[in-house]
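Structure first, then comments.
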Amino acid sequence: MEVNERTLASLGFEEVRAALAGRCRTDVGRDRARARPFLDTKNEVLAAYALVDEARLLKSEPLSLPIGGLIDTRPAVDRAARGGMLEPRELLAITAALFAFERANEVLGERAQKLPGLAILGRRLPVLSRLATRLDRSFEASGEISDRASVELKDARDQARALHKRIRARLDELLRDERFAPNLQEAYYSVRNDRYVVPVKSSHQREVGGIVHNASQTGQTLFVEPSELIGLGNELAIAQSLVVEEERKVLLELSGLVGREASGIIGGVEASAQLDELEAIAGLAADLHAITPALENADGALVMNGLRHPRLVLKGGEVIANNVELHDARALVVSGPNAGGKTVTLTGVGLCALMARAALPVPCDPGSRLPLFNQVHSAVGDLQDLQQGLSTFSAHVTMLRDIVQVARHGSLVLIDEIAADTDPREGAAIATAVLEELLGKGAVILVTTHLEELKALAHLDKRFVNARVGFDPRRMAPTYRLQLGFAGASSAIDIARRVGLPEAICARAHDLATNAGGALSKAIAAAEDERRRLFEQRDAAEQDAQQARAAKERAEAVLEAATRARKEEEIRFRSALQAELEFARTQIRELVEKLEQDRSGKALKAAQSAAAELTARINEQAVAERSTRTELKGEVRELAPLELKPGARARLKSLDTEVEILDVAQDTATVAAGAMKMRVPLAELGPAGKAKGASRPPGVESKAARLEKAEKAAAKPLAMASPTLDVRGERTEDALRLVEQFLDRALRQGEAAAVILHGHGTGAIKRELREHLRSSPYARSFRPGDGTEGGDAVTVVLLG
């Protein structure tokens with residue numbers, strides 16, 4: 001990444017670095033933020049952005065790492081590694097850092113799955129619990145070395161404290177002594193030059209023997225160490241020197257322990273600085289409402305949705321967001337009124353390009369894409385150089401010369417008011433030549449201008465595209481909104497009128513400008529009017545289409561809601577009806593059990609007939625309810641047309657299952673459901689679901705169908721449907737009772753059919769059984785078995 005200091009200054013990147021440093025919580029983090037570098041490769045930028053995204057995720061918990069306020073201890077640690085003795089305040093700072101390292105390491109370790117990059121960084125924070133504890137217990141909260149630091153230090157301090165106590169006790173006695181007290185100015189004692197003294201009147205010096213250590217400014221008071229305390233004072237001085245020596249030994253020992261872990265501690269400080277910077281970036285991104293852009297190669301599209309100038313956002317207040325896009329075109333020509341936001345657009349794009357190279361989120365909306373430029377050049381601002389005797393135009397051309405010399409493929413070039421301060425015709429020629437040269441080198445260009453010839457380039461060269469900043473004629477002020485695809489008028493006369501230029505002058509200027517427009521200006525204006533009309537038509541068509549789609553969606557939603565409401569009401573109704581019918585069936589069954597004792601059989605048959613009819617109605621309601629529920633869930637299959645012919649598929653309504661039609665005779669049909677065959681009324685049959693898979697030409701059978709016919713043609717063993725009841729050898733009365741119990745149990749277990757094996761014999765049981773089944777509440781229908789089921793020796797009962 002190549003960028004010179006002038007470009008950094010004109011785009012204001014140092015302000016972004018300062019804003020980042022201001023959000024750091026440690027000195028080392030602030031130093032790192034102020035020197036935030038530009039990364040060389042796309043992989044480096046992507047890796048740095050990944051860490052930034054993890055830091056933003058950590059901040060959203062919300063959680064801050066416990067590293068705030070850490071001091072840069074690297075110089076002290078380095079000195080300890082070389083055998084130097086550290087001061088208590090330095091050791092205390094190292095202690096705080098070690099505890100912070102341990103807590104931050106733990107926080108990131110707990111989130112290693114969610115924040116893998118930060119967890120790896122956290123592992124660089126050394127966990128030196130023993131050293132941290134040793135340092136911590138060696139100091140008091142005030143910063144003084146603690147008695148716990150060593151046994152020798154405690155003994156030396158105990159001895160010094162005992163001497164202090166003895167001296168104070170003797171001084172208290174002297175102050176109360178009636179012969180000694182009159183010699184004192186006041187009844188107190190103090191410490192001068194590390195010796196205990198009393199304030200003696202200068203006129204009574206001879207009455208108090210001892211050493212004079214100091215005197216008052218007036219000379220009226222002498223501070224005397226009494227003779228009897230000189231010995232104890234000497235002992236105290238020796239004890240205190242021992243304390244100082246022991247404290248020095250403790251500091252040397254602790255410094256040595258720190259020096260042995262110097263590399264780990266220094267690495268931890270650097271890791272904590274990086275973590276602090278990452279948290280600051282997360283905070284800056286939140287304040288800027290910034291996103292991580294998708295990164296393109298140098299030839300990729302530039303798409304900045306909702307671009308907001310970072311410096312303006314940092315200053316607060318309302319910032320107008322604009323879309324800036326370059327796809328096939330590689331040069332954006334921005335025109336429009338002065339102070340309308342043209343330069344803001346240029347510097348905003350340039351600053352975001354620098355931020356992306358530094359892996360800083362940019363203030364744009366999601367979906368934005370940025371090429372990774374390898375150079376950023378800016379010719380923005382006042383270029384007049386009085387020291388070198390250059391005019392504004394000369395300095396501007398010098399800057400263009402320097403940019404053209406070094407620009408290459410992958411460069412971003414920002415030029416404000418290109419070739420403006422000279423003859424417009426010659427300036428436009430120079431500007432066009434410079435832009436064509438830069439495009440030939442593969443650069444991406446954003447340029448602002450008032451020159452009509454440059455606005456016309458978008459109509460002549462597909463590498464150029466126009467954009468304009470808007471102007472509100474009612475307010476006579478810029479709107480600061482960028483419109484892509486349009487060239488803008490300078491609105492110089494309107495702005496002059498707004499700032500107070502006399503109306504007569506403005507009117508005269510308007511007349512002159514209207515009549516002075518050349519063919520090029522008029523052609524550009526006509527093209528812009530036509531483009532504006534087409535855009536308005538397109539926008540109107542899109543709006544109509546959007547309204548139509550919205551109306552369709554609303555209608556579909558209303559229809560769906562109404563259909564669902566109807567289905568849900570039907571389900572509630574059928575559920576309630578089924579519950580009532582179940583209750584009635586239970587009562588009838590209880591009645592049947594009571595009537596079984598009636599030998600005449602008439603009442604029993606009547607009750608059985610009513611139960612059968614009620615059961616049929618319950619089954620109808622259950623099938624209808626299941627069908628409605630299936631429709632409501634959106635699982636209704638497409639139905640095939642009902643064909644009443646052998647081989648066709650149909651749905652048996654009473655069982656809600658698909659069957660195959662074997663034969664049709666008048667108003668009944670013989671159907672097969674698996675191994676079970678039965679004759680049912682045609683009214684019980686409905687359309688079956690369409691078969692999935694590709695259709696087959698008429699007359700062409702599938703392999704599976706041919707195999708099925710072969711299996712049917714082959715001899716088969718005798719098969720019986722399950723469950724089966726064998727009543728052979730039973731008396732007729734016992735057999736009928738067993739059948740009723742068997743059918744009741746099968747129906748309760750959810751069986752669809754049952755088989756009763758009665759044999760041939762005299763045929764009495766068969767006749768009585770089939771006569772009984774005609775009025776049985778359990779039998780929907782029945783039939784003799786076929787050849788594979790046992791023939792006429794069995795009766796197949798369809799339950800229901």
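The values are calculated or read from the model by the stated rules, or taken from the named source; none is laboratory data. Just so we're clear, the structure is a prediction, and the values are computed from it rather than from any experiment. Backbone-built Cβ (ideal geometry, glycine too); neighbour counts: all protein chains shown. Accessible surface is based on the protein model in full, side chains and every heavy atom, while ligands, DNA and RNA are left aside. Shrake-Rupley method; radii C 1.70, N 1.55, O 1.52, S 1.80 Å.
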- request: Could you work out the equivalent-ellipsoid semi-axes for the stretch 286-344, taking the square root of 5 times each eigenvalue of the Cα gyration tensor, largest first, in whole Å?
  value: 22, 19, 7
Carbon and sulfur %, accessible surface of the stretch 96-169 computed with the full protein complex present, 1.4 Å: 51
- line: tail above 16 Å in the computed P(r) of the stretch 40-102, as % of all Cα-Cα pairs, reads 63
message: Taking each pair of distinct Cα atoms in the stretch 152-218 once, what is the resulting Kirkwood hydrodynamic radius in Å?
response: 13.4
statement: So, over other residues within a Cβ distance under 15 Å of ASN183, counting Lys, Arg +1 and Asp, Glu -1, the net charge is -3
field: Of LYS114/LYS315; LYS42/LYS441; LYS645/LYS766; LYS315/LYS455; LYS462/LYS552, pairs whose Cα-Cα distance is over 28 Å
entry: LYS114/LYS315; LYS645/LYS766; LYS315/LYS455; LYS462/LYS552
- request: Calculate the translational D of the stretch 426-511 in whole µm² s⁻¹ from Stokes-Einstein, where the hydrodynamic radius comes from the Kirkwood formula applied to all Cα pairs, the temperature is 25 °C and the viscosity 0.890 mPa s.
  value: 165
- line: By the Kirkwood definition, with r running over pairs of different Cα atoms, the stretch 726-776 has a hydrodynamic radius in Å of 11.3
field: Anchor LYS165: aspartates and glutamates whose Cα lies under 17 Å away (excluding residues fewer than 8 positions away in-chain)
entry: ASP155, GLU173, ASP194, GLU225, GLU228, GLU235
task: Would you please calculate the Kirkwood hydrodynamic radius of the stretch 248-324 over all C-alpha pairs and express it in Å, rounded to one decimal?
output: 16.9
- prompt: So how strong a dipole does the stretch 1-85 carry about its Cα centre when Lys and Arg Cβ are +1 and Asp and Glu Cβ are -1, to the nearest 20 debye?
  reply: 280
- line: Taking only the Cα positions of the stretch 229-276, the convex hull volume per residue in Å³ is 67
Cut-off 12 Å between beta-carbons: net charge of the residues surrounding ASP792, Lys and Arg +1, Asp and Glu -1: +2
message: Net charge around VAL303, counting only other residues with Cβ within less than 13 Å of its Cβ (Lys, Arg = +1; Asp, Glu = -1)?
response: -3
- request: State, to one decimal in nm², a quarter of the convex hull surface area for the C-alpha atoms of the stretch 322-383, i.e. the direction-averaged projected area.
  value: 5.3
- request: Find the percent of Cα-Cα distances in the stretch 1-64 that exceed 19 Å, and round it to a whole number.
  value: 47
query: Which of GLN240, ASN193, THR221 sits closest to the plus end of the dipole of the stretch 148-276, meaning its Cα is farthest towards the positive end, when Lys and Arg get +1 and Asp and Glu get -1 on the C-beta?
result: THR221
message: Please compute, for the alpha-carbon atoms of the stretch 122-239, the extent along each of the three principal axes and give them in descending order in Å.
response: 74, 29, 21
- prompt: Dipole size in debye (nearest 20) for the stretch 720-800 around its Cα centre, Lys and Arg Cβ +1, Asp and Glu Cβ -1?
  reply: 160
statement: Among ALA100, ASN183, ALA81, the residue whose Cα sits farthest towards the positive end of the charge dipole of the stretch 48-186 (+1 at Cβ of Lys and Arg, -1 at Cβ of Asp and Glu, taken about the Cα centre) is ALA81
message: Just to confirm, what accessible area per residue do you get for the stretch 1-126 at 1.4 Å probe, in whole Å²?
response: 49
statement: In Å³ per residue, the alpha-carbon convex hull of the stretch 53-183 encloses 185
